[in-house]
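These notes are about the structure you will find just below.
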Amino acid sequence: MKLSITSQNVRNFTRALKNMGVDAYIFDRGAPMTILKLRKEVRQCMKCALAATRRNVVFGEGDVNAQLVFVGEAPGEEEDIQGRPFVGRAGKLLDQLIERIGLGRGDVYICNVLKCRPPGNRDPEEQEREACKGYLFTQLELINPKIICTLGRHAYNTLLGVDERITRVRGVLTSYHGIPLLPTYHPSFLLRNQDKIKEAWEDMEKLKQLLRK
Ligand code: URA
Ligand code: SF4
């Protein structure tokens with residue numbers, strides 16, 4: 001018998017294991033890596049200058065077996081204080097978006113490109129994204145969701161290795177290592193541009209349909 005190992009096969013296999021209640025792990029330089037181990041590692045990270053100004057590392061939270069993962073940009077002030085993603089004003093709006101899918105926060109997984117807050121909520125710098133993105137990649141590999149929803153341009157560009165404007169790509173389904181990826185606006189942008197909220201609702205409807213498939 002010929003067995004070809006593709007990333008899709010591996011994903012289906014790990015999903016089947018997860019459904020049986022077996023904790024997911026991948027091998028990282030020969031050693032098993034779990035989401036808890038990764039979290040411990042990231043909490044001690046000093047790989048970029050943001051380590052010096054952060055109050056807390058914001059690793060991410062939610063269901064580690066979630067079918068849907070949201071990826072934001074970076075922690076803001078409230079997130080930095082609490083050590084949790086999307087707990088400020090933008091977080092309230094994200095909660096509402098999740099509700100439109102018919103889900104709650106606990107049903108999904110929420111994380112960011114950067115795990116530490118850029119001072120004054122400035123945009124992530126190139127070297128910070130480079131230093132941090134491996135954690136996000138491993139996180140997604142471990143969670144192995146059915147769908148990824150990126151919030152704003154930074155998450156989209158980091159995952160796909162491109163440099164696109166969000167207004168050009170939003171709502172257009174693409175994929176990340178075989179996992180369907182739907183980009184939508186960042187909730188902070190939606191707070192400033194309320195006329196765009198209808199498009200975000202449409203994206204949530206699309207996510208709902210995709211999750212049903
Ligand atoms: N904005 C983000 O991108 N992430 C958060 O966690 C909070 C606000
Ligand atoms: Fe490490 Fe990422 Fe925090 Fe930089 S932002 S210190 S790379 S966890």
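The values are calculated or read from the model by the stated rules, or taken from the named source; none is laboratory data. What you see is a predicted model, and the numbers here were worked out from it, not measured in a lab. Cβ atoms come from the backbone with ideal geometry, glycine included; neighbour counts cover every protein chain shown. Side chains are part of the model used for accessible areas, which takes the heavy atoms of the whole protein and leaves out ligands, DNA and RNA. Shrake-Rupley method; radii C 1.70, N 1.55, O 1.52, S 1.80 Å.
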At most 15 other Cβ within 10 Å, DSSP loop - trypsin sites (Lys or Arg not before Pro), segment 53-131: Arg55, Arg122
Max mean-square fluctuation residue, GNM over the chain, Cα-Cα springs under 10 Å, options Gln96, Gln127, Gln82: Gln127
Nearest 5 percent is fine: what portion of the DSSP beta bridges confined to segment 7-212 is antiparallel? 40 percent
Just Glu99, Glu61, Glu128 to compare: in a GNM of the chain, with alpha carbon springs under 10 Å, which one fluctuates most? Glu99
Calculate, axis by axis, the spread of Cα positions in the chain along the three principal axes, and write the results as whole Å, longest axis first. 57, 40, 31
Counting only C-alpha contacts under 8 Å and six or more residues apart, can you give the relative contact order of the chain as a whole percent? 22 percent
Where only alpha carbons of segment 119-201 are counted, the Rg and the Dmax (Å): 13.3, 36
For Lys47, which lysines qualify as cross-link partners when the Cα separation must be under 27 Å and same-chain residues fewer than eight apart are set aside? Lys37, Lys115, Lys133
Report the residue, chosen from Gly83, Gly102, Gly72, that carries the largest GNM mean-square fluctuation when the chain is represented by alpha-carbon nodes joined by springs under 10 Å. Gly102
Accessible area of segment 138-213 belonging to carbon and sulfur atoms, whole % at 1.4 Å probe: 47 percent
Would you calculate the separation in nanometres between label points at Glu77 and Glu205, each defined as 7 Å from the Cα along the Cα-to-beta-carbon direction? 3.7 nm
Just the accessible area per residue of the chain, please: how many Å² with a 1.4 Å probe? 53 Å²
Can you give the extra length, in nm with one decimal, that the chain gains between Arg165 and Glu130 once fully stretched, where that is 0.36 nm per residue apart less the Cα-Cα distance? 10.7 nm
Report, ordered by chain and residue number, the lysines lying within cross-link reach of Lys213, taken as a straight Cα distance under 18 Å and ignoring same-chain residues fewer than 8 apart. Lys146
If each part is reduced to its alpha-carbon centroid, segment 184-204 and segment 35-49 end up apart, in Å, by 31 Å
